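Encoded as structure tokens, the structure appears first; notes follow it.
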Amino acid sequence: MLQQDNDILLEMAHDIQDTYGYIPEREITQLAEKFSEPRAKIYGALEFYSMLYTEPTGKYIVRICDSISCFLHDSDEVLEAVQDYLELESGETSDDKLFTLEVVECLGHCGEGPVMMVNDRMYTELTSGRAIEILSECQ
Amino acid sequence: MVQERKFLKGPRLRNPADYDFPGLQRALKMEPEEVIQEISESKLLGRGGAGFPTGTKWDMAFKEEGEFKYIICNADEGEPGTFKDRYLLDERTLKVLEGMLIGAYVIDADYGYIYIRGEYFKSIKILQEALEEAREAGILGENILGSDFSFDIKLVRGAGCYVCGDETSLLNSLEGMRGQSRTKPPYPISKGLCGCPTLVNNVESLACVAEILHQGASEFATMGTEDSKGTKLVCLSGDVNYPGVYEVEFGSSTLQEIITDLGGGPRKSHDIKFVIPGGLSTRILTRDKLDYKYSYEGLEEAGSSLGSGGVMVVGSEQDLTAILTRIARFYMDESCGTCFPCREGNQQIYKIISRVGKGKFTVNQLEIIEDLGNAMAEAARCGLGQSAQYPTGTILAEFKEELVEGAVY
Ligand SMILES: Cc1cc2nc3c(=O)[nH]c(=O)nc-3n(C[C@H](O)[C@H](O)[C@H](O)COP(=O)(O)O)c2cc1C
Ligand code: SF4
Ligand code: FES
């Protein structure tokens, strides 16, 4: 039976990630012990979620929405400019581990596209120039 | 001139110290059956997309027996074109909590979860604070508002999977598994979280409940049409001048009027090419089909559905294949991979469409896409696969001349 408070895997995984930036192996082992499940099962579950990382990511995770409403406001141009600037394709992390770039689906700010998230910050009504300016300030 | 009808919208409501929860106060003085009666009389339909009558659902949940009972607020809003739950979570935070508390009281739930999409960082913070303050103010915890009703809520962050918005995937996700959908029946109402009876409602549905208990079912039912009572939060986006969340009384206006009067008409002197009226997973409506009243039955008559309330307006100069590519990519990326037709079908469709690029479709390609879409509609387990063909299929059908090689129609 589900206890009511602190044993939701997803929440625990988020908390671990908030601390380490990703979910390290040893934490997966501990989660497996806590839930009395095989490690592979925990790992398999975590792998399902695109916002959970079992490998270190860049210091800044850059998420750009290229879903329909943002595309209608030229998100493709912003995306291209960012890809050129970071020299990354979707899913890649820069060698200096500063940036991870992800092209994502709708972020729920469709009326303010194009939109980009840098870690937990949301930037709306972007132009290519503004997007690069924001990224150039990420050190 | 269409105007907003503000029933759900209102001033920011985040701090329990500034709010006396009138809907909950009233509900706590009523028998659960009476509250259900009131919700049923309001004829509220679930706002999460499927439009199931909330009163009926609550009545079923009330009658279910189980060692534990749960209530879940579905705040996983991920349907492209939809951002109204975010408005409610951020601005009308306590109304959402209030709706949930009323639901918990009525079905005698032991515990509640708000499952919120992980990307809504700001809303998550707002909710965390509101829950904390609600506990301090005695709105959550033991003996709520001095009654003998006790209840608490945990906020759970999703992690980037659209399919977890489906209530059965959401349950698996909460149970610590991959967010893959379950076969129905059994429905969550009888066998939900960990096999216990579980009531899942959308954010907007719960906010409606709070207002219905406060303002009364009769007030709610004066708004709208026979089959669509109340108001709807409409999310306008795409090629309109004034995108945003607008609250519209059902039946008071047509889609065209909403786009013109509230959205300020098409952007950049575009004409409208088509509209996706209910979030991505609905059939498109071409320009000539925008004169139906905005209501569940009106949009159905027009050939589509109201869905989540996400109205995406596409201007005449937009590139159809680029749009189709993105739609196909969405379903391919978000398929949870459990059933073969959805997993493979969406990959194939994406391959075909992305290969077309700036060229034209062959009649053969069109037929393959149609076949795959039909196979998914029939054999896919959840709404994602079943509805994947709606936008794609209708765009291809409506704009054949433009899209197909040497087409003479
Ligand atoms: C793929 C898929 C995604 C869904 N996403 C959401 C969502 O983000 N929010 C939501 O409330 N309902 C969503 N639903 C509908 C839920 O399964 C469920 O019907 C709804 O939460 C019930 O609440 P309601 O009766 O208040 O509308 C989704 C369904 C499917 C098939
Ligand atoms: S239809 Fe698609 S998303 Fe739904 S259960 Fe099947 S594979 Fe998963
Ligand atoms: S389409 Fe980009 S945020 Fe919704």
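The values are calculated or read from the model by the stated rules, or taken from the named source; none is laboratory data. Computed from a predicted model, the values in this text were never measured in an experiment. Neighbour counts run over all protein chains shown; Cβ positions are idealised from the backbone, glycine included. Ligands, DNA and RNA are excluded from the accessible area calculation, which covers all protein heavy atoms including side chains. Shrake-Rupley method; radii C 1.70, N 1.55, O 1.52, S 1.80 Å.
Using the Cα gyration tensor of chain B, with a ≥ b ≥ c the square roots of its eigenvalues, what is the shape: rounded (a/c below 1.5), prolate (a/b larger than b/c) or oblate (neither)? Walk me through the numbers on the way to the answer.
Working: a/c = 2.13, a/b = 1.55, b/c = 1.38.
It is prolate, given that a/c is not under 1.5 and a/b is the larger ratio.
So what are the ³J(HN,Hα) numbers for segment A:119-135, from phi and the Karplus equation (6.51, -1.76, 1.60; θ = phi - 60°), rounded to whole Hz, Gly and Pro as x?
6, 9, 9, 9, 10, 10, 6, 7, 10, 4, x, 5, 4, 5, 4, 4, 5
Any chance you could look up the accessible area of A:THR29 with a 1.4 Å probe, heavy atoms only, rounded to 10 Å²?
Rounded to the nearest 10, the figure is 50 Å².
Just report the Cα centroid separation between segment B:84-99 and segment A:25-39, whole Å.
So the separation of the two Cα centres works out to 36 Å.
With point charges of +1 on the Cβ of Lys and Arg and -1 on the Cβ of Asp and Glu, referenced to the Cα centre of segment B:231-315, which listed residue (B:PRO243, B:THR260, B:GLY309) lies farthest in the positive direction of the dipole?
The Cα lying farthest towards the positive end belongs to B:PRO243.
What's the center-to-center distance, using Cα atoms, between segment B:161-223 and segment B:227-245 in Å?
What the calculation gives is 22 Å, centre to centre.
With everything on Cα atoms, drop me the angle between helix A:9-20 and the longest principal axis of chain A, reported from 0 to 90° to the nearest 10.
60 degrees
Work out from phi, with θ = phi - 60° and the Karplus expression 6.51 cos²θ - 1.76 cosθ + 1.60, the ³J(HN,Hα) of each residue of segment A:30-35, listed in order in whole Hz, and give x for Gly and Pro.
Along segment A:30-35, the couplings run 5, 4, 4, 5, 4, 8 Hz.
Excluding B:THR286 itself, what net charge comes from residues whose Cβ is under 14 Å from its Cβ, given Lys and Arg +1 and Asp and Glu -1?
Charge balance in the 14 Å sphere: -1.
Just add up the charged neighbours of B:THR338: K/R +1, D/E -1, any other residue whose Cβ is under 10 Å from the Cβ of B:THR338.
Here the charged neighbours net out to +4.
Output the direction-averaged projected area (hull surface divided by four) of the convex hull of the alpha-carbon atoms of segment A:24-113, in nm². Intermediate results must be reported in sequence, preceding the final value.
Values: hull surface 28.1 nm².
For the Cα atoms of segment A:24-113, the hull's average projected area reads 7.0 nm².
Would you tally the net charge around A:PHE35, using a Cβ to Cβ cut-off of less than 9 Å, leaving A:PHE35 out, and scoring K and R as +1, D and E as -1?
Summing Lys and Arg as +1 and Asp and Glu as -1 gives -1.
With every protein chain in place, what's the accessible area of B:CYS161 (1.4 Å probe, Å², nearest 10)?
Rounded to the nearest 10, that gives 20 Å².
Given a 1.4 Å probe and no ligands, DNA or RNA in the count, how much accessible surface is buried by A and B, both sides, to the nearest 100 Å²? Write down the numbers at each step before the final one.
Working: alone 8700 and 17230 Å², together 21810 Å².
What A and B bury together is about 4100 Å².
What whole-number volume per residue, in cubic angstrom, does the convex hull of the C-alpha atoms of the protein assembly as shown give?
About 147 Å³ per residue, rounded to a whole number.
Karplus couplings for segment B:282-293 from phi (6.51 cos²θ - 1.76 cosθ + 1.60, θ = phi - 60°), rounded to Hz, Gly and Pro as x?
3J(HN,Hα) across segment B:282-293, in whole Hz: 10, 5, 6, 10, 7, 3, 7, 10, 9, 9, 8, 4.
Quick one: what do you get for segment B:68-189 if you divide its Cα Rg by 2.2 N^0.38 Å?
Compared with the compact-globule rule of thumb, segment B:68-189 sits at 1.06.
For a quick check: with amide H placed at 1.01 Å from N, whose amide H comes under 5 Å from B:VAL234's, ignoring anything fewer than 5 positions away on the same chain?
For B:VAL234, whose amide H was placed from the backbone, the distant partners under 5 Å are B:TYR246, B:GLU247, B:VAL248.
Quick one: putting +1 on the C-beta of Lys and Arg, -1 on the C-beta of Asp and Glu, what dipole do you get for the protein assembly as shown around its Cα centre, in Debye to the nearest 20?
The dipole magnitude comes to about 440 debye.
Within chain B, which is the longest segment that contains none of the GluC sites (Glu not before Pro) sitting in a DSSP loop with at most 13 other Cβ atoms within 10 Å?
Details: sites that count: B:GLU65, B:GLU67, B:GLU142, B:GLU226, B:GLU317, B:GLU405.
By the stated rule (loop sites, at most 13 other Cβ atoms within 10 Å), B:227-316.
Highest mean first, what order results for A:32-40, B:276-284 on Cβ atoms within 10 Å?
Going from most to least packed, we get B:276-284, A:32-40.
Would you please give the residues with an amide H less than 5 Å from that of B:ASN202, counting only those at least 5 places away or on a separate chain, with H modeled from the backbone geometry?
B:ARG47, B:GLY48, B:ASN74
Determine the residues within segment A:54-72 where the difference in accessible area between the chain on its own and the full set of protein chains amounts to at least 30 Å²; count protein heavy atoms only and use a 1.4 Å probe.
Buried by 30 Å² or more upon assembly, which counts only protein chains, are A:ASP66, A:ILE68, A:SER69, A:PHE71, A:LEU72.
Counting only residues 5 or more places away or on other chains, whose amide H sits under 5 Å from the amide H of B:GLY51 once H atoms are built in the peptide plane?
Amide H to amide H, under 5 Å and 5 or more residues apart or across chains, B:GLY51 pairs with B:GLY46.
Can you bin segment B:1-141 into rounded, prolate or oblate? Criterion: square roots of the alpha carbon gyration tensor eigenvalues sorted a ≥ b ≥ c, rounded for a/c under 1.5, prolate for a/b above b/c, oblate for the rest.
rounded
At 1.4 Å probe size, with no ligands or nucleic acids counted, give the accessible surface of A:LEU9 in Å², nearest ten.
10 Å²
Distance in nm between label sites at B:GLN347 and A:ARG121, each 7 Å beyond Cα in the beta-carbon direction?
Placing both labels 7 Å beyond Cα along the Cβ direction yields 3.9 nm.
Toward the positive end of the charge dipole of chain B, about the Cα centre and with charges on Cβ (Lys, Arg +1; Asp, Glu -1), which of B:GLY138, B:PHE361, B:VAL35 goes farthest?
My answer, from the dipole projection, is B:PHE361.
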